[in-house]
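The values are calculated or read from the model by the stated rules, or taken from the named source; none is laboratory data. Owing to the predicted nature of the structure, the values given are computational and were not obtained by experimental measurement. All Cβ positions, glycine included, derive from the backbone under ideal geometry; neighbour counts span all protein chains shown. In case anyone asks, the SASA skips ligands and DNA or RNA and just uses the protein heavy atoms, side chains included. Shrake-Rupley method; radii C 1.70, N 1.55, O 1.52, S 1.80 Å.
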Amino acid sequence: MVRDAPVKFSKESVNSLVIQSVSATAIRVSGETYSHAIALTPEQLIPDWQSRAIEELSIDDFDSLLSGNPELIIVGTGPNNLFPPRDLVFAFARRGIGLEVMDTAAAARTFNVLAGEGRRIAAVLNLEP
């Protein structure tokens, strides 16, 4: 029996950050490993993201990402999908910016796909809820 070779999930570009892996304890982005929450756009990584519980997030927590005028912000909530506060969802809607919340592994995959398409996106990736 011949096994298929693994399919590469995303095309790596020298001009774009790529999330290479997510585990319970680390996030690997373009060759660097982080053991805490990070935020990123395809062009910039914010390694000192101040992680807060999803239910405590407000629109002000995203100022550094909003300055880049993203069309969508993805929030990875750790190993499980958690729901954001309604006020946060409405604040993003009033600004005309999409907000997607999902587990961190799914957020990483989604970020890579959309960044590869050239979309104006940003992501916050948490390892724990």
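Would it be correct to say that residue 26 is in contact with a Leu (Cβ under 7 Å, 6 or more places away or on another chain), modelled with pLDDT of 95 or more and among the aliphatic types (A, V, I, L, M)? Judged against the criteria, residue 26 is not a match. Checking each residue in segment 82-97 for being surrounded by fewer than 13 Cβ atoms within 10 Å (Cβ to Cβ), among the small types (Gly, Ala, Ser) and at negative phi picks out only 93. Only one entry in 53, 107 is under 24 Å from residue 23 (Cβ atoms) and open to solvent by less than 20 Å² (accessible area, probe 1.4 Å), namely 107.
To keep it simple, each residue is scored yes or no on (1) among the β-branched types (Val, Ile, Thr); (2) within 21 Å of residue 99 (Cβ to Cβ).
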residue: 21; (1), (2): no, no
residue: 26; (1), (2): no, no
residue: 33; (1), (2): yes, no
residue: 37; (1), (2): no, yes
residue: 51; (1), (2): no, yes
residue: 55; (1), (2): no, yes
residue: 60; (1), (2): no, yes
residue: 63; (1), (2): no, yes
residue: 67; (1), (2): no, yes
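The criterion of at least 1 residues that are of a type in the set (Lys, Arg) is met by the following strands (runs of 3 or more DSSP E) wholly inside segment 27-68: 27-29.
Considering only segment 56-81, state which residues are under 20 Å from residue 27 (Cα atoms) and either without any contact (Cβ under 8 Å) to a residue 12 or more places away in the chain or exposed (fewer than 13 other Cβ atoms within 10 Å of the Cβ) (or both). Listed by number, the list holds a single entry, 80.
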